[in-house]
Amino acid sequence: MLTDGQLRELLADFAADTDSLQPDPSFRAALLTKLEAARRPSGSKALLHRWLGGIGAIGQWHPVAWVWLVAVVLAFLLGAIVAGGWRPAPVERLAVVVDQSARPSLLPPRTIGLASTVTLPGAPRSIALDAAGDPWVIAGNRVVQVNRADGQIGHAFDQANGAPTSVASSDGFLWVASQAAGTVAKLDPATGTAILTLQIDSPTGLATDASVTSSPGLVVLSRERSMLSEIDSTSLALRWHATVPADPLLVAAGGGRVWVIGIPSNDRAGWVLLEYAGTDGALVGSLRFHSEWAPPRSLLVSVREPNPAMVWIPDLANGRLLEVDPGTLGVVATIDVGALPTAIAEGADGRIVVTFATGPGTPQDVNGVALVGPVDHAVARYVFRTDPAGAGQGAVGIAVGSSVWISMDWAGAPSLGRIDQAELP
């Protein structure tokens with residue numbers, strides 16, 4: 001592009017040439033006008049020139065104008081912060097996990113027995129304890145209560161228009177989600193009947209933050225829409241909703257945070273742990289796990305001392321338990337618990353309880369639980385059932401109260417088993 005000086009020389013040369021040619025004066029003047037106009041910026045360039053010119057004049061502003069400018073900028077920034085419109089960018093990290101070969105071998109498990117077993121009316125899925133400590137488990141198209149005193153089925157809630165997908169306990173009530181029906185029902189555990197039903201698009205997971213005692217929220221995960229929402233469990237008002245940048249599988253809450261495990265769209269062989277702020281649903285960060293790892297089947301946020309708010313993930317593919325620190329969003333411990341760890345819960349003493357099973361190709365199908373110390377990571381393992389090879393992996397869900405409750409499905413025989421705490425020193 002020609003500079004201003006070069007354009008002026010060109011115009012002068014043109015003027016001299018046109019004088020010698022003696023053209024019509026009006027034609028000469030029109031050409032000079034067009035050339036001069038072509039030299040000037042137009043459109044966005046003209047706006048840029050005017051803006052730069054304005055910056056040059058700022059130094060000549062009156063001091064009062066400077067005060068008004070600073071006040072307007074500060075007011076804008078403060079408003080953005082208060083409104084939640086200005087947030088730090090989410091942290092993205094890649095998980096670094098200790099090599100298995102560097103860890104000691106597991107001690108052989110001790111064999112224990114189930115104190116009781118009750119047959120369920122359908123295939124088990126999610127399980128939760130009500131305020132009294134009785135387990136409620138999804139069994140086919142029903143959610144059934146099992147009386148902790150006699151081990152028999154008590155109340156039952158029949159889910160119309162589709163099987164339930166998740167059950168959670170919060171503020172003295174039970175919540176049941178059904179993806180097929182597009183509903184979340186609030187149940188009275190004293191009667192097993194629905195108090196109210198919310199219409200929510202394809203809910204697949206529910207979570208509550210046990211560390212929140214005043215006006216707790218109910219977190220609803222919709223896998224089909226990749227959406228995460230929190231509802232006030234008392235007023236039923238929507239508190240916030242957020243988009244999940246992955247195919248969401250699991251949800252858990254605790255310590256003022258909501259956690260989601262999903263499969264990234266750009267890495268279907270890996271999985272990612274996503275952290276959200278419990279106050280407004282802002283995405284805080286993500287932790288990506290290596291490709292070819294099978295995604296977990298359960299997720300836990302501990303709420304008890306001495307290690308509250310830590311995130312625990314059964315690593316199904318590698319037979320270990322992963323501990324994630326929410327402060328650093330990094331894996332701080334990997335603990336061998338046995339093959340195929342699936343369901344996970346927290347005990348009253350703060351220990352982490354996770355089910356395990358033997359893998360394919362073994363002479364017997366062995367199912368058990370591993371208890372992990374939250375600080376020293378000491379592991380105690382107990383086998384509660386042994387079957388001929390090929391009977392199936394068995395354990396589906398787990399809940400821990402005065403007893404340990406494990407929902408199971410061996411070769412199409414669904415049941416709920418109970419382990420006495422006295423068996424688990």
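The values are calculated or read from the model by the stated rules, or taken from the named source; none is laboratory data. Keep in mind that what you see is a predicted model, and the values were worked out from it rather than measured. Counting neighbours? That spans all protein chains shown, and the Cβs are built from the backbone with ideal geometry, glycine included.
List of remarks:
- Screening R304, R288 for residues that are modelled with pLDDT under 95 and under 14 Å from the mean Cα position of the chain (by Cα) leaves exactly one candidate, R288.
- Failed condition for A269, given (1) farther than 22 Å from I200 by Cα; (2) in a strand (DSSP E or B): (2)
- Test: L187 is farther than 22 Å from R297 by Cβ and buried (at least 20 other Cβ atoms within 10 Å of the Cβ): yes
- Filtering region 170-200 to residues that are without any contact (Cβ under 8 Å) to a residue 40 or more places away in the chain, in contact with a Gly (Cβ under 9 Å, 6 or more places away or on another chain), small (G, A, S) and not in a loop (DSSP other than H, G, I, E, B) leaves only S178.
- With respect to (1) crowded, with 21+ Cβ neighbours inside 10 Å; (2) more than 24 Å from V404 (Cα to Cα); (3) over 22 Å from the mean Cα position of the chain (by Cα), the lone exception for S178 is condition (3).
- Matching residues, region 206-215, being part of a loop (DSSP other than H, G, I, E, B) and either on the phi > 0 side of the Ramachandran plot or crowded, with 24+ Cβ neighbours inside 10 Å (or both): S215
- Residue check, A207 among the small types (G, A, S), closer than 30 Å to A317 by Cβ and under 10 Å from the mean Cα position of the chain (by Cα): no
- Across region 216-244, the qualifying residues are those that are surrounded by fewer than 14 Cβ atoms within 10 Å (Cβ to Cβ) and either touching a Phe, Trp or Tyr at 6+ places or on another chain (Cβ under 8 Å) or among the acidic types (D, E) (or both), and the one among them that is nearest to A180 (Cα to Cα) is E224.
- Look at (1) part of a strand (DSSP E or B); (2) crowded, with 21+ Cβ neighbours inside 10 Å and you find that P203 fails only one, number (1).
- Every pair of residues 6+ apart whose Cβ atoms lie under 6 Å, when the first sits in region 268-281 and is buried (at least 16 other Cβ atoms within 10 Å of the Cβ) while the second is of a type in the set (K, R): V272/R288; E275/R257; G278/R257
- Any chance A163 is of a type outside the set (V, I, T), touching a residue at least 12 places away in the same chain (Cβ under 8 Å) and not in a loop (DSSP other than H, G, I, E, B): no
- Among residues that are at pLDDT 90 or above, in contact with a Ser or Thr (Cβ under 6 Å, 6 or more places away or on another chain) and within 25 Å of R351 (Cα to Cα), G330 is not included.
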